[in-house]
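Only one structure is covered here, and it is reproduced in the block below.
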Ligand code: MG
């Protein structure tokens, strides 16, 4: 795990690692003690991974030993827990045990603030100081924390329904196929779609931490079953979630995958138009098609480093009308300053209903670019960052290196959650994108050799 090896415990999305090897129960216990030292009442939830109950129980033991009370929500989508924490004034924070989109052997632990946002970099650093110096509270026998359980689902689904035009959706009798990838969204997202009046066909919608059918990341290569079922059942839309259902990706009514950046551009344009302008926040890794769509709608793009906590934080700072990442992680500020896959699915249905067009028609307003991504093993992120600075002194070095050209750009950055370097390239033609990707790949190989 990149961040743990690099000496920093918290990556862009909390602590991540292979369960029981890199992320152990001892670490989970101590991370729980950190949270119990910082906050007195904490909601805890987990995804459906095989190692999640083990780590969740260690986390709960840690929080309560430091004197914090725990509200155990069981299996919940990450945004389900985040909304619960935001909605309950007496709950001061949250912990989610999840590795999101990572492969099945991984797990992770993520801290949530009282407003439902993920911890900021500064809060992670404070937590890490307590963790490393072991300056935890230790409650005496009469003041150890207690464990309660509660139901988040009704609260969460009602909130989403209140923030969308459900009447418009209900009139349309959409047929949708939902693929939760056996992850944490299995019970909430199909239920939400049914309550919106959709004819719902669910696949991979039972909890199974072995992920028997597909990898938890809802990228095009992993959702071929969804594409087939959409075609076979003549559905209006296919929806896929990652392992903790804070991301959603889509398949159109023809059974074709819709690019994540295109969905982001479409939704950003919808929000900017509705607001009559305003700021839109996204990481430097997002496609130029998003910037084009936002500018055309009269909005302004604010770029950040990669990682949803910094996008959410910047959205609050600049009072953004919308924000999100080009991986299906969209942030709806009227709901939660965090990604939410179920909310995203409902908003796409709202857009289809309001505009009265199928999704394949809606996306035609988004300008076409060719995007290519690849990744390469990178065990030493410090060496890569230093090399990039030397190799590309004029690049945008906000996060890795983004090198812009008139007809395209390339971004090279070490992952915050895995020991790899990611290379993104985009061009107005496929050849240009390929040329830029090869250039980026060769630069990384040269730096790491
Ligand atoms: Mg996720």
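Would a scan of region 389-399 turn up a residue that is closer than 26 Å to residue 243 by Cβ and buried (at least 16 other Cβ atoms within 10 Å of the Cβ)? Checked region 389-399: at least one residue is closer than 26 Å to residue 243 by Cβ and buried (at least 16 other Cβ atoms within 10 Å of the Cβ).
Within region 102-111, track down each residue that is more than 10 Å from the ligand (Cβ to nearest atom), part of a loop (DSSP other than H, G, I, E, B) and either in contact with a strand residue (DSSP E or B) (Cβ under 7 Å, 6 or more places away or on another chain) or not assigned by TED's automatic domain parsing to the domain that holds residue 36 (or both). Of everything in region 102-111, just one residue is more than 10 Å from the ligand (Cβ to nearest atom), part of a loop (DSSP other than H, G, I, E, B) and either in contact with a strand residue (DSSP E or B) (Cβ under 7 Å, 6 or more places away or on another chain) or not assigned by TED's automatic domain parsing to the domain that holds residue 36 (or both), namely 105. Could you tell me how many of the residues in region 310-335 are more than 14 Å from the ligand (Cβ to nearest atom) and either outside the structural domain of residue 297 (by TED's automatic domain parsing) or modelled with pLDDT of 95 or more (or both)? Going through region 310-335 one residue at a time, the tally reaches 15.
Looking at the structure I just gave you, is residue 300 more than 16 Å from the ligand (Cβ to nearest atom), within 24 Å of residue 411 (Cα to Cα), outside any helix (DSSP H, G or I) and not assigned by TED's automatic domain parsing to the domain that holds residue 76? Yes: the conditions hold for residue 300. Check whether at least one residue in region 47-54 is over 16 Å from residue 147 (Cα atoms), in a helix (DSSP H, G or I) and within 16 Å of the ligand (Cβ to nearest atom), and report yes or no. Yes: region 47-54 contains one or more residues that are over 16 Å from residue 147 (Cα atoms), in a helix (DSSP H, G or I) and within 16 Å of the ligand (Cβ to nearest atom). Checking the structure you have, find out if any residue of region 182-192 is surrounded by fewer than 21 Cβ atoms within 10 Å (Cβ to Cβ), at positive phi and free of Cβ contacts under 8 Å to residues at least 40 places away in the same chain. Taking every residue of region 182-192 in turn, none turns out to be surrounded by fewer than 21 Cβ atoms within 10 Å (Cβ to Cβ), at positive phi and free of Cβ contacts under 8 Å to residues at least 40 places away in the same chain. Looking at (1) farther than 23 Å from residue 280 by Cβ; (2) in a helix (DSSP H, G or I), which is the one condition that is false for residue 343? If we test residue 343 against (1) farther than 23 Å from residue 280 by Cβ; (2) in a helix (DSSP H, G or I), just (1) comes out false. Per the listing 240, 245, the residue uniquely touching a helix residue (DSSP H, G or I) at 6+ places or on another chain (Cβ under 6 Å), within 16 Å of the ligand (Cβ to nearest atom) and either assigned by TED's automatic domain parsing to the domain that holds residue 80 or on the phi > 0 side of the Ramachandran plot (or both) is 245. With respect to (1) buried (at least 24 other Cβ atoms within 10 Å of the Cβ); (2) more than 16 Å from the ligand (Cβ to nearest atom); (3) assigned to a strand (DSSP E or B), the lone exception for residue 18 is condition (1). Taking each residue of region 341-362 that is closer than 12 Å to residue 168 by Cβ and touching a residue at least 24 places away in the same chain (Cβ under 8 Å) and looking for partners that are part of a loop (DSSP other than H, G, I, E, B) and within 16 Å of the ligand (Cβ to nearest atom) with beta-carbon atoms closer than 8 Å, six or more apart or interchain, yields 347/332. Restricting 419, 393, 358, 367 to residues that are at pLDDT below 95 and under 18 Å from residue 269 (Cα atoms) narrows the list to 367. For region 141-151, the criterion of being touching a residue at least 60 places away in the same chain (Cβ under 8 Å), farther than 27 Å from residue 42 by Cβ and part of a loop (DSSP other than H, G, I, E, B) is satisfied by no residue at all. The sole residue among 66, 43, 99 that is within 16 Å of the ligand (Cβ to nearest atom) and crowded, with 22+ Cβ neighbours inside 10 Å is 99. Condition check for residue 261 on (1) within 16 Å of the ligand (Cβ to nearest atom); (2) surrounded by 24 or more Cβ atoms within 10 Å (Cβ to Cβ); (3) in contact (Cβ under 8 Å) with a residue 60 or more places away in the chain: one failure, at (1).
Just one of 349, 372, 362 is part of a helix (DSSP H, G or I), more than 16 Å from the ligand (Cβ to nearest atom) and surrounded by fewer than 24 Cβ atoms within 10 Å (Cβ to Cβ); which is it? It is 362. Determine whether residue 234 is out of contact with any helix residue (DSSP H, G or I) (no Cβ under 7 Å at 6 or more places or on another chain), away from the ligand (no atom under 16 Å from the Cβ), at pLDDT 95 or above and not assigned by TED's automatic domain parsing to the domain that holds residue 53. The answer is yes for residue 234.
Is it fair to say residue 94 is touching a helix residue (DSSP H, G or I) at 6+ places or on another chain (Cβ under 9 Å) and part of a loop (DSSP other than H, G, I, E, B)? Here the answer is no, as residue 94 does not meet what is asked.
Among the residues of region 245-259, those identified as more than 21 Å from residue 186 (Cβ to Cβ) and modelled with pLDDT of 95 or more are 252, 253, 254, 255, 256, 257, 258.
The values are calculated or read from the model by the stated rules, or taken from the named source; none is laboratory data. Here the structure is a predicted model, which means the values were calculated and not measured. Here Cβ is always computed from backbone atoms with ideal geometry, including for glycine, and neighbour counts include all displayed protein chains.
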